[in-house]
């Protein structure tokens, strides 16, 4: 495969990664919570798309729109009822809590859907040619949808009242309280948006990804690696980190024989370890202390 | 040196009621009471300064008023209404603004955005614009820096932004927790002059905590001395500055 085509494939995957990581990165940046259940929300989105496709023949990209409000409510309620009780307490507590939540979700899904691999096969699963390159149709749609959502999220965070209150809470919690922002409500809204968007990412990749209850952890690990590369809570950073990981993963799979099957999932770990050893503060402005905020 | 304001205390008529009344409060963190029976009054148009050594509970007084710590006993009245253990949002809406000791700006927002956030609870955008315009008139420096990220302001400019933002809500009173903390001596003087100017210009009522006893009291009408969670002295600022005990303890002189 020519190098440029491989690069293109990496960029398409990377755009998706940049979008997939946003929920993880923003929750970390705003609340200082490391959401170990991140991958499980990807999984829930993917199962939703699969179930809607199987039952009603609904296209996964339509499901991606439908799943947002549902998972927004799930995220909001989860934060309001449970996670707000441990937010701003030592990080280990929220870390363990989210670890428990991730195991619970994965096993509940195993009970409901069994551990079998599921897949969604859409009619446009192939690819098209453009300017001498091969574009896998689904991945291309995902890439542009991801960019569109990122722009939308950026505008939301910078132009709307709620968005500004989220940024304010991330930058200075005491000050946010002083100007009258209900920080715990902001946390719940943030969790709703982040978990909603994460599920959207899950629904979108349903056509190109085997769906099973334990597919989550690799996405959580990728989220860690991308955050180390691109930094916390910043959308351009997430995109850059996502692109880097996507390109590295794709090139390794293509140019190192057997790497895709054998080290594939380890790539994220290796990148994470390398970044932490060489630049513990992250590659860009990167991994600041969790108190630092977005 | 600036002329103390102590002589210009507004004359209280029988009708004038305190705008802030703290009645014998006990408050603190966890099991322990930091404040043990503190009472204070602030009248409209006054600048009142609370001084005391580290750990005396000065900041706790403010946190109690603002609902950041639990008040176990006693009452706090603001503008005739009880605000004991009220949430910060409620206290703000009653017209009590606060400039905390720790930096309270949003570093990665512009000066203008910071001011907008100060009126977070106001949904009428025309009113927000008008109020920001009003603050820009009080602080022309902030207008010049409107589109600059707050993190690149100087220490004095930051404090100015914090005060300006607090004034956006047209507060009936302003709480200031150590306005001089972390500022260069020259800047401290500017900030106190600013507070006095606001007091004469717009009749702003201020209750402040100060580590910097001399400058704090010189900028004030009245003062309270807080030690080990209790008020040990109170009176006109000039009287406290002349009080031998206060001088010995806080001013290092006779």
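Computed from the coordinates by the stated procedures, all read-outs in this text should not be read as laboratory data. All values reported here derive from a predicted model rather than from experimental measurement. Cβ sites come from the backbone with ideal geometry, for glycine too, and all protein chains shown count toward neighbours.
Select from A:247, A:33, A:112 the residue whose mean-square fluctuation is largest in a Gaussian network model of chain A (Cα-Cα springs shorter than 10 Å).
In the Gaussian network model the winner is A:112.
Calculate the mean, over all residues of peptide B:107-119, of how many other protein chain Cβ atoms lie within 10 angstrom of the residue's Cβ.
So the per-residue partner count for this stretch is 4.
Exposure proxy check: B:187, B:135, A:179 ranked by fewest other beta carbons within 10 Å?
Ranking B:187, B:135, A:179 by Cβ neighbours within 10 Å, fewest first, gives B:187, B:135, A:179.
Compute the length gained on full extension between residue A:81 and residue A:95: take 0.36 nm times their separation in residues and subtract their Cα-Cα distance, giving the result in nm to one decimal.
Result: 3.4 nm gained on full extension.
Give the order of A:80, A:50 when sorted by the count of other beta carbons within 10 angstrom, beginning with the fewest.
Ranking A:80, A:50 by Cβ neighbours within 10 Å, fewest first, gives A:80, A:50.
With a 10 Å Cβ neighbour count serving as the proxy for reagent exposure, in which order, fewest first, do A:214, B:120 appear?
Going from sparsest to densest Cβ surroundings: A:214, B:120.
Can you give the angle from 0 to 90° between the axis of helix B:185-202 and the longest principal axis of chain B, with both taken from C-alpha atoms, to the nearest 10?
In chain B, helix B:185-202 runs at an angle near 80 degrees to the longest axis.
Working from Cα positions, state the angle (0 to 90°, nearest 10) between the long axis of helix A:38-56 and the longest principal axis of chain A.
Roughly 60 degrees between the two axes.
Taking the 0 to 90 degree range and rounding to the nearest ten, how far is the long axis of helix A:22-31 tilted relative to the main principal axis of chain A, both from C-alpha atoms?
Computed tilt is about 10 degrees.
Percent antiparallel among DSSP beta bridges with both residues in chain B, to the nearest 5?
DSSP beta bridges in chain B are roughly 55 percent antiparallel.
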